[in-house]
Amino acid sequence: MKKSIIEVKNLTKMFNKFTAVDNVSFEVRKGEIFGLLGPNGAGKSTILRMLSTLARPTSGTATIGGYDIVKNDNEVRKLIGIVSEKMIMYNRLTAKENLLFFGSLFNIPKDVLTKKVDDLLELVQLTKFKDSQVGTFSTGMQQRMNVVRALLNTPRVLYLDEPTLGLDPQSSVEIREFIKKLNRENGTTVIVTTHMMVDADLMCDRIAIIDHGKIVALDTSSNLKKQLNGTNTTILKLEIANLTPTILGSIRALKCVDSVIQEDSTHLKILVHGEEAFDSIIDAIREKKGKLTSIENLQPTLEDVFLHLTGHQVRDSTNQKIPMNTHSGPFNRPKARIR
């Protein structure tokens, strides 16, 4: 087993009487992609802020590469790179000018920095756009720039806060593949916060599911799904041609039903438990004159695991998220966008 590069013990963060992070403990192994999965307001970004030395814990400890995040904060900052969901770029500067500027903040010698910038632009396939203003880039291109900006100091640990938020499907795939390539080829340890199930499932070696500031489960994606298989829980997908609020309410009222997701006007996804669950649901639908056109037994997903552990969907949350950085840069006049 690989040695841990991050160790978190009983970490807690309170804002007045509100507990954002509640006695959290976990370890991140060197060279792995570790996911913090949960809804907005669950405490994911607050954990990253503490691990980035941007916020001090109320109690508990954490070390990065053996350095304490409070006592040795300057040493910690040398080891990390941060990619927040906020775009930290200057729109009127070119891609190369942006990276040269941010690289100069690390006091990297000019000749070394110039080569590093060229290499990073090549890494994200933006070399031919190096002299174009970042404000003209598509959202996916800007996010790739945002990621490589955090690589200028060659960090051992990279924090990514909602890296695919607001991206189209193609750009999301590009970012996920780039993160995996960076981890695989450079051995960079990565912590990803996300509320997107597909990101956690496809990218992360291990996932910590967080709800209301607590870790409710931590394991690989496959093992988390296996845990659900062993709980006598079944996932059913139903199509009811004449689905009404009355039929839906009748299903929700059953004791064997853990949760119900209405996917559209006719389809339901239901988590149930017990040997009699199937018959109970059929009886409830028939009693309300429902027209059941299909029923399917599904394999569990991460969302099903989350539903089972927390009793609600990932998207069911108030938005109490504290941003990693509110700086958005000047010169934000809209321009034609390169695709």
Quiz item: Somewhere in segment 111-127, is a residue within 21 Å of the chain's Cα centre (by Cα), outside any helix (DSSP H, G or I) and surrounded by fewer than 18 Cβ atoms within 10 Å (Cβ to Cβ)?
Solution: no
Quiz item: Could you say which residue among I261, I251, I282, I235 is of a type in the set (A, V, I, L, M), touching an Asp or Glu at 6+ places or on another chain (Cβ under 6 Å) and not assigned by TED's automatic domain parsing to the domain that holds E32?
Solution: I235
Quiz item: Looking at this structure, is G103 within 20 Å of S52 (Cβ to Cβ), assigned to a helix (DSSP H, G or I) and of a type in the set (G, A, S)?
Solution: yes
Quiz item: Where residues in segment 51-98 are of a type in the set (D, E) and not in a helix (DSSP H, G or I), which of them is surrounded by the fewest Cβ atoms within 10 Å (Cβ to Cβ)?
Solution: D68
Practice problem: Considering each residue of segment 86-127, count those that are free of Cβ contacts under 8 Å to residues at least 24 places away in the same chain, of a type in the set (S, T, N, Q) and out of contact with any Leu (no Cβ under 8 Å at 6 or more places or on another chain), and give that number. | Solution: 2
Self-check item: The lone exception for S265 - which of (1) hydroxyl-bearing (S, T, Y); (2) over 21 Å from the mean Cα position of the chain (by Cα); (3) over 30 Å from F18 (Cα atoms); (4) surrounded by 15 or more Cβ atoms within 10 Å (Cβ to Cβ) it fails
Solution: (4)
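For K237, state whether it is charged (D, E, K, R), in contact with a strand residue (DSSP E or B) (Cβ under 6 Å, 6 or more places away or on another chain) and under 23 Å from M197 (Cα atoms). Full working, then the answer.
On the way: charged (D, E, K, R): yes; in contact with a strand residue (DSSP E or B) (Cβ under 6 Å, 6 or more places away or on another chain): yes; under 23 Å from M197 (Cα atoms): yes.
It is true that K237 is charged (D, E, K, R), in contact with a strand residue (DSSP E or B) (Cβ under 6 Å, 6 or more places away or on another chain) and under 23 Å from M197 (Cα atoms).
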Quiz item: Looking at segment 149-182, which of its residues are surrounded by fewer than 18 Cβ atoms within 10 Å (Cβ to Cβ), part of a helix (DSSP H, G or I) and not basic (K, R)?
Solution: P169, Q170, V173, E177
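Quick check on segment 139-162: of everything there that is hydroxyl-bearing (S, T, Y) and in contact with a Ser or Thr (Cβ under 7 Å, 6 or more places away or on another chain), which residue is modelled with the lowest pLDDT?
T139
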Self-check item: Lone unmet requirement of (1) crowded, with 22+ Cβ neighbours inside 10 Å; (2) closer than 18 Å to E32 by Cα; (3) among the basic types (K, R) for R144
Solution: (2)
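With the requirement that a residue be among the β-branched types (V, I, T) and either over 9 Å from T58 (Cβ atoms) or touching a residue at least 60 places away in the same chain (Cβ under 8 Å) (or both), what does segment 11-26 give you? Steps first, answer last, please.
If we filter segment 11-26 for residues that are among the β-branched types (V, I, T), which is where we start, we get 12, 19, 21, 24.
Selection gives T19, V21, V24.
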Quiz item: Under 6 Å by Cβ, and 6 or more places apart or on different chains, what pairs join a residue from segment 277-299 that is within 14 Å of E239 (Cα to Cα) with one that is polar (S, T, N, Q) and surrounded by fewer than 16 Cβ atoms within 10 Å (Cβ to Cβ)?
Solution: K291/N242
Quiz item: Under the condition of being in a loop (DSSP other than H, G, I, E, B) and among the basic types (K, R), which residue from segment 1-50 is farthest from T301 (Cα to Cα)?
Solution: K17
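The values are calculated or read from the model by the stated rules, or taken from the named source; none is laboratory data. Note that the coordinates shown come from a computational prediction; the quantities given were computed from them, not determined experimentally. Quick reminder, even Gly has a Cβ in these numbers, built from the backbone with ideal geometry, and neighbours come from all protein chains shown.
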